[in-house]
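Colleague: Input: one structure, supplied below.
Just so it is clear, none of the values below were taken in a lab; they were calculated from the coordinates. Not measured: the values here are computed from a predicted model. Ideal geometry is used to build each Cβ from the backbone, glycine not excepted, and the neighbour counts take in all protein chains shown.
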Amino acid sequence: AQSVAQPEDQVNVAEGNPLTVKCTYSVSGNPYLFWYVQYPNRGLQFLLKYITGDNLVKGSYGFEAEFNKSQTSFHLKKPSALVSDSALYFCAVSRNAGNMLTFGGGTRLMVKP
Amino acid sequence: DAGVIQSPRHEVTEMGQEVTLRCKPISGHNSLFWYRQTMMRGLELLIYFNNNVPIDDSGMPEDRFSAKMPNASFSTLKIQPSEPRDSAVYFCASRIVNTEAFFGQGTRLTVV
């Protein structure tokens, strides 16, 4: 079985400050890891992914994520938060030989001016 | 490509009625997923298909729910009979194996 944990329901950050949204996973084999963002009344939008290679992955809108195999984590980061980053963020995992995509419970990011 | 297309965007129906949600995946994608999103339970995987074949339907809540994928360009999720607790946003997503999934805009279902 595979699973994703997002331990924080909500993260509050002041605009201009760095942000981190946490994600840990459990999967057999090599993980394929993804981050998605959801704005109100919209579908999920892909932000970035880790498949193989460099542990630091850069994605859309200035976001990046670091794959840490020993800690089975894939935390989402951004050096300077914007109010417009306020949204719901989902981490997801897929097993490399399988195709099932499992999502975490989501973390609401609130960026205050 | 227009992306994953879902219809209808909104559906309001009375308890006991049959509801059919539709999805057109991105051309060339060989996997299709149906998810349900609610405030209480978050994003739940209902069923997914590989090459039009259902692989895992363990997330389908009850026999009232059924999903089909008659060809590579179309899938349906049917609820019969519908109940108020089925009210949620239903998302369809498609992908090529081990790449990112692309989501549709969702169908907001309200059962009264």
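Colleague: Using a 7 Å offset from the Cα along the Cα-to-Cβ direction at both residue A:54 and residue B:41, what is the distance between the two label points in nm, to one decimal?
Modeller: Each label point lies 7 Å from its Cα, and together they span 4.1 nm.
Colleague: Going 7 Å from the Cα of residue A:45 along its beta-carbon direction, which residues of region A:72-113 have the amide nitrogen within less than 12 Å of the resulting point?
Modeller: Inside the label zone: A:84-88.
Colleague: With a cut-off of at most 10 other beta carbons within 10 Å, and DSSP calling the residue loop, which GluC sites (Glu not before Pro) in region B:22-112 qualify? Please list them. Write down the numbers at each step before the final one.
Modeller: On the way: sites: B:44, B:62, B:100; in loops: B:62, B:100.
Here the sparse-neighbourhood loop sites are B:62.
Colleague: A further question on this structure: Using the beta-carbon distance between residue B:108 and residue B:57 and R0 = 30 Å, what value does 1/(1 + (r/R0)^6) give for FRET efficiency, to the nearest 0.05? Please report the intermediate quantities before stating the final value.
Modeller: Numbers: r = 23 Å, r/R0 = 0.76.
After rounding to 0.05, the efficiency reads 0.85.
Colleague: Peptide A:9-22: average number of partner chain Cβ atoms within 10 Å per residue? Provide the component values of the computation, followed by the final result.
Modeller: Details: counts 0, 0, 0, 0, 0, 0, 0, 0, 0, 0, 0, 0, 0, 0.
Mean partner-chain Cβ count within 10 Å for A:9-22: 0.
Colleague: Within 10 Å of each Cβ in A:38-45, how many Cβ atoms from other chains are there, averaged over the peptide? Walk me through the numbers before you get to the answer.
Modeller: Details: counts 5, 0, 0, 5, 3, 14, 10, 2.
The shielding value for this peptide is 5.
Colleague: Could I ask something else about it? Between B:29, B:52, B:70, whose Cα lies farthest towards the positive end of the dipole of region B:13-112 when Lys and Arg beta carbons carry +1 and Asp and Glu beta carbons carry -1, centred on the Cα centre?
Modeller: B:29
Colleague: What is the order of B:56, B:63, B:86, fewest Cβ neighbours within 10 Å to most?
Modeller: Details: B:56 16, B:63 7, B:86 21.
Lowest count first: B:63, B:56, B:86.
Colleague: Each label point is 7 Å from the Cα along the Cα-to-Cβ direction; what then is the distance between the points at residue B:30 and residue B:98, in nm?
Modeller: Between residue B:30 and residue B:98, the simple spin-label model gives 1.2 nm.
Colleague: Return the average number of partner chain Cβ atoms within 10 angstrom of each residue Cβ along peptide A:83-92.
Modeller: On the way: counts 0, 0, 0, 0, 0, 3, 0, 2, 0, 3.
The mean count of partner-chain Cβ atoms within 10 Å per residue comes to 1.
Colleague: Beyond a 18 Å Cα-Cα separation, which of these cross-linked pairs lie in this structure: A:58/A:112; A:22/A:58; B:24/B:68; A:22/A:69? Present the calculation step by step, with values, prior to reporting the outcome.
Modeller: On the way: A:58/A:112 24 Å; A:22/A:58 16 Å; B:24/B:68 12 Å; A:22/A:69 14 Å.
From A:58/A:112; A:22/A:58; B:24/B:68; A:22/A:69, over 18 Å: A:58/A:112.
Colleague: On to the next question. Please give the Cα centre distance for region B:41-96 versus region A:1-43, rounded to the nearest Å.
Modeller: Answer, in whole Å: 24.
Colleague: I've got another one for you. Any idea what the dipole of chain B comes to, in debye rounded to 20, about its Cα centre with Lys/Arg Cβ at +1 and Asp/Glu Cβ at -1?
Modeller: Result for chain B is approximately 220 debye, rounded to the nearest 20.
Colleague: Once amide H atoms are built 1.01 Å from N in the peptide plane, which residues 5 or more positions from residue B:105, or in another chain, come under 5 Å H to H?
Modeller: Sorted by chain and number, the residues that satisfy this are B:6.
Colleague: Would you mind putting B:89-96, A:48-55 in packing order, based on average other-beta-carbon counts within 10 Å, highest first?
Modeller: Working: B:89-96: 22.9, A:48-55: 13.8.
Order by mean packing, descending: B:89-96, A:48-55.
Colleague: Now a separate question. For residue A:31, what is the net charge nearby, where nearby means another residue's Cβ is under 10 Å from its Cβ and Lys, Arg count +1, Asp, Glu -1? Before the final figure, lay out each step's value.
Modeller: On the way: positive: A:69, A:95; negative: none.
Once positives and negatives cancel, what remains is +2.
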